[in-house]
1. Test of understanding: what is the full-extension gain from Ala382 to His449, defined as 0.36 nm times their sequence separation minus their Cα-Cα distance?
2. Taking the mean number of other Cβ atoms within 10 Å as a proxy for protection, how do you rank 171-177, 198-204 from highest to lowest?
3. Evaluate E = 1/(1 + (r/R0)^6) for Ser314 and Met345, where r is the Cβ-Cβ distance and R0 equals 22 Å; express this FRET efficiency to the nearest 0.05.
4. Where does the chain land on the Kirkwood hydrodynamic radius, alpha-carbon pairs, in angstrom?
5. Take the alpha-carbon positions of the stretch 306-448, form their convex hull, and give its projected area averaged over all directions (one quarter of the hull surface) in nm².
6. Pull up the DSSP beta bridges for the chain and report the antiparallel fraction as a percent, rounded to 5.
7. Treating only the Cα positions of the stretch 148-274 as identical point scatterers, give the base-10 log of I(q)/I(0) from the Debye formula at each q in 0.13, 0.21 Å⁻¹.
8. Report the FRET efficiency, 1/(1 + (r/R0)^6), for Glu206 and Met172, where r is their Cβ-Cβ distance and R0 is 35 Å, rounded to 0.05.
Amino acid sequence: MKNKPSKTNPPTVLCGTDFTTNSAQAADAACALAKLLHAPLELVHVSEIPAHPPLEQELAAEAARLRGQGAEVRASILAGIPDEEIVKRATPKSCRMVVVSSLGRRGPGRWLLGGVSERTAERAPVPTLVVRDAAPFEAWARGERPLKVFVAFNFTATAEAAMHWVKTLLGMGPCDVVVGYVDFPLEERARLGGTGPVPLVGNLPEVQTVLERDLKVRVTELLETDKFRVRVDANWGQPNAPLAAMARQLGADLIVVGSHQYHGFERFWNGSVSSGILRDAAMSVAVVPMKTAGPRVAAIAPPLRRVMVTTDFSALANRAIPHAYSLLRGGGTLHLVHVAHPHEMPDGEFLQGPTNRSFKAAHAKHLQSCANKLRLLIPSEAVAMGISTEVEVAEHENPATGIYQAAERFGADAICCATHGLSGLSKALMGSVAQKVLAESSRPLLLVHPRMET
């Protein structure tokens, strides 16, 4: 019969011990966390040989030591392979988290097979805390200081699972939270656009500003608070070492990282960040499986505050503008964008031959003329509705990509644009800028059909 959590049988904090100094550190941290959670501490020793009196005596002594710290302790000896038996025991219904110790850095052989802590973190269906120092958790539990938490974030479902668990920590006591993100410069150039060389070190100031803004917005949504700091660094390689270095520089007590739970050679094939951080970090690490976040509950989205609308100045495209403003009836910012070709000149002409001073002057004049035309399209009642308007003439040879990149730079809550409403063979032959934007962007898109009335 399976154990089911109830008022008399609540989920436990499960801690594995092998009676070493390192496992005593893990047990102390587990004890502190169990008291904060008002949960029993389940202390287990796993042996591949049948239990015998010396082991039972050591386990009883360790359990008594932890009871002396004020924890409710259940102790047992299991037969089998340590990480396998701990994972079997750590069912989500009966276990809040697993706490194990770490011996720190591993040799090359351990990188392939992993230690008990790594293999447990790769398979446990609940968060696994790998403890390297118990003192910060004990001081936190006593209310002496906040827990310094560094969260490795990358805008994926695994990162959201990590943030979900950080909310649990915030509910247990005060935490000083820093969220770290490592970007790959070439990916950001493709997403945000730009010209000129990509810097070998760091991000361009305008790129850094956008990344920090996006990180703050997303984390605020997930944590439902703005009481955190962010750190964004550029790196051309794997992010695990830079993330571990960030945490070390910030003096973090704990790194929290989400995981797909790749294991064995699979983690090398897929580039597991969590296993890399477990290997590189000098402080305790919590590995949170993606499934921890559970199913998403549909909720009403917050009101739109930042809407982008695009136009090529045709009558059809301009019809999207009033619809875009209508999305901001509660106030906000509208970004009005026209995408111009880099070789475009006035009167629909294009540069023939190499660029020269004359072309650059004519092109700049044309871009300014486009910006003025955009301003003329701003409805007179926009200001009275509390809507501020920004205009941008973006340069790109591909209109859809130019729109996508402008939306990323602006941080649009939604994109609005017109569509010809083509279908079937006409759509296949002529294509559609709106369709290409839909394919490139993950942001909500409102398409204004020619038959829609403004």
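All of the numbers you see were taken from the coordinates with simple rules; none came from a lab. Just so you know, these numbers come straight off a predicted model, no measurement behind them. Methodologically, a virtual Cβ is constructed for each residue, glycine included, from the backbone with ideal geometry; neighbour enumeration extends over all protein chains shown.
1. Length gained, Ala382 through His449: 21.8 nm.
2. Peptide ranking by packing, descending: 171-177, 198-204.
3. Working: r = 19 Å, r/R0 = 0.85.
Step by step, r from the Cβ atoms, then E = 0.75.
4. 25.4 Å
5. Across all orientations, the stretch 306-448 yields a mean hull projection of 9.2 nm².
6. Looking only at bridges with both residues in the chain, the antiparallel portion is about 5 percent.
7. Here log10 of I(q) over I(0) equals -0.55, -1.29.
8. The formula returns an efficiency of 0.35 here.
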